[in-house]
């Protein structure tokens, strides 16, 4: 398989994509100086690459403020990708639901928020009912911890700076030092668990779905009532959640069986 991978990259394309990824991850429009400084591309070259991205509507320029933001063309690509991701994930989510009996979902990040892309309800009468397209802060709950643990350090710092990690409810309050320490544990374990951080009385277990470049693209989440999802039960189910996330990642990258 490795011999099929290109040994070199096209420098101009690499620089252009670095600029595009930088702008897409920013919480506000960026100036030419900020783009140049963050990517290491000189201003003249960066301006030419930005002009090309602008032609394809992947970025949009604010002439008044002299800044650049993500364009409609990029959102179109993201929507298409998420639609494919949703389709690919459904068989793995259904298998996870059938094996555990609990509600499962696929969550994606969107700026400072995370959005439930698709969900399958539990088979139990007493269940935590997921709501597709529901939006909560990107850092909140088990899924939020996974996103925060595996995003880049600059992106994580920006989320913390802009949100202050404001708690969703009285149970989810946590100081920044404790929160960052919990992310170290998530990286070691490969999954996160939370109790009542978003929905009081609910327990969640979440694991990352990685893209082909090793970036986190989504999170698989399993949720159920606190009365049923004890710490022992969470310990039993967490490997199944991790496996489902890995299987989705394999299918997304074309490596599935």
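Here are some notes:
- Taken residue by residue, region 122-131 has no member that is assigned by TED's automatic domain parsing to the domain that holds residue 193, at pLDDT 90 or above, in a helix (DSSP H, G or I) and within 19 Å of residue 237 (Cβ to Cβ).
- Of the residues examined, residue 205 is one that is in contact with a helix residue (DSSP H, G or I) (Cβ under 7 Å, 6 or more places away or on another chain), over 23 Å from residue 25 (Cα atoms) and outside the structural domain of residue 28 (by TED's automatic domain parsing).
- Counting only residues that are more than 17 Å from residue 244 (Cβ to Cβ) and crowded, with 18+ Cβ neighbours inside 10 Å, region 111-146 holds 10 of them.
- Search result, residues across region 190-213 that are modelled with pLDDT of 90 or more and at positive phi: 190
- Residue among 141, 111 that is in the same structural domain as residue 209 (by TED's automatic domain parsing) and under 18 Å from residue 215 (Cβ atoms): 111
- Among the residues of region 92-103, those identified as touching a strand residue (DSSP E or B) at 6+ places or on another chain (Cβ under 7 Å), buried (at least 17 other Cβ atoms within 10 Å of the Cβ) and closer than 18 Å to residue 251 by Cα are 93, 96.
- Among residues of region 186-230 being part of a loop (DSSP other than H, G, I, E, B) and crowded, with 19+ Cβ neighbours inside 10 Å, the one that is nearest to the chain's Cα centre (by Cα) is 191.
- Considering the conditions (1) outside any helix (DSSP H, G or I); (2) modelled with pLDDT under 90, residue 157 is excluded by exactly one of them, (1).
- Residue 187, sole failed condition from (1) over 20 Å from residue 95 (Cα atoms); (2) at pLDDT below 95: (2)
The values are calculated or read from the model by the stated rules, or taken from the named source; none is laboratory data. Predicted, not measured: the structure shown is a model, and the values here were computed from it. In this analysis, Cβ positions are derived from the backbone assuming ideal geometry, glycine residues included, and neighbour counts consider all displayed protein chains.
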